[in-house]
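My questions will all concern the structure given below.
Just so it is clear, none of the values below were taken in a lab; they were calculated from the coordinates. Since the model is a prediction, treat every value here as computed from it, not as a measurement. Cβ sites come from the backbone with ideal geometry, for glycine too, and all protein chains shown count toward neighbours.
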Amino acid sequence: MAIPTARENILDKIRQALVQPVPLPFPLSEQAAEIYQPAAEELDIIFAEAFIKLQGKFIFCSDEIDMRSQLEQLIKAKEWMKVYCDEDKWNDQFSNTINLESSDAAITGCEYLVARTGTIVMSGAQQSGRTVSVYAPIHICIAYSHQLVYDIKDALLFLKEKYAENIPSLITFASGPSRTADIEKTLVTGVHGPKEVYLFLVDKES
């Protein structure tokens, strides 16, 4: 009678384990329960609170007319002379330069807004492309209430449904101005991206 090799012994133990699986030591850890509780408030309120905590500037607009009025006032008050925008919907209204690198501010849209974390979700499939939101010192994002989702997983699910087999090669999650800290934990903003981020949330799309 042949003596089983070490490999055969291991395979035999694996087969037995598959036939009689060992109970999970922590069964509750494997359940499909949500990690975060469902939203208790309106998503726009949750997003605004989280976004402001991250040093973002939140502006609520009742409709697109209100958005254009408030954004024009902001540009005038801040004296931004060169505003870059590559979005057809707003280009004629706000853009006055084709040079992104030397612009004072840049305007983009977004894919979704994650309320729980105050995050702007953008992708390489957008008309603005990969670089507009990070090159200019000021990033202005125009979004709509229907783009609000509660959690990041919801945004990823909707992106998958939206693009099907053509998922964008770049998906960006931006939570307020860029931030970095040195070895002494001194927080500095605007080093690797915009030093200020404005989010104009439009309630009604015309």
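Test of the criteria: in region 91-168, which GluC sites (Glu not before Pro) are in a DSSP loop and have at most 11 other Cβ atoms within 10 angstrom of their Cβ? Kindly include the intermediate steps, with their values, before the conclusion.
Details: sites: GLU101, GLU111, GLU161, GLU165; in loops: GLU101, GLU111, GLU165.
Of the GluC sites (Glu not before Pro), the ones in loops of region 91-168 whose Cβ has at most 11 other Cβ atoms within 10 Å are GLU101, GLU165.
Another question, then. So who's got an amide H within less than 5 Å of the one on ASP86, skipping anything under 5 residues away but keeping other chains? H placed 1.01 Å off N, in plane.
The answer is ILE107.
List every residue whose amide H lies under 5 Å from the amide H of PHE58, counting only residues 5 or more places away in sequence or on a different chain, with H placed 1.01 Å from N in the peptide plane.
Counting only residues 5 or more places away or on other chains, the set is LEU199.
Return the sequence-ordered ³J(HN,Hα) values of region 121-126 in whole Hz as given by the Karplus equation 6.51 cos²θ - 1.76 cosθ + 1.60 applied to θ = phi - 60°, using x for Gly and Pro.
9, 10, 9, x, 7, 6
Which FRET efficiency value, to the nearest 0.05, do you get for LYS160 and TYR135 by plugging their Cβ-Cβ distance into 1/(1 + (r/R0)^6) with R0 = 25 Å? Don't skip to the end; give the middle numbers.
Values: r = 28 Å, r/R0 = 1.12.
E between LYS160 and TYR135, to the nearest 0.05, is 0.35.
Filter LYS78/LYS162; LYS76/LYS160; LYS53/LYS78; LYS78/LYS160 down to the pairs with a C-alpha to C-alpha distance above 32 Å, please. Can you show the working numbers first?
Values: LYS78/LYS162 37 Å; LYS76/LYS160 39 Å; LYS53/LYS78 22 Å; LYS78/LYS160 38 Å.
Exceeds cut-off: LYS78/LYS162; LYS76/LYS160; LYS78/LYS160.
May I pose another question? Using Cα positions and a limit of under 16 Å, work out the aspartates and glutamates in reach of LYS204, with same-chain residues fewer than 8 apart set aside.
GLU42, ASP44, ASP63, GLU64, ASP66
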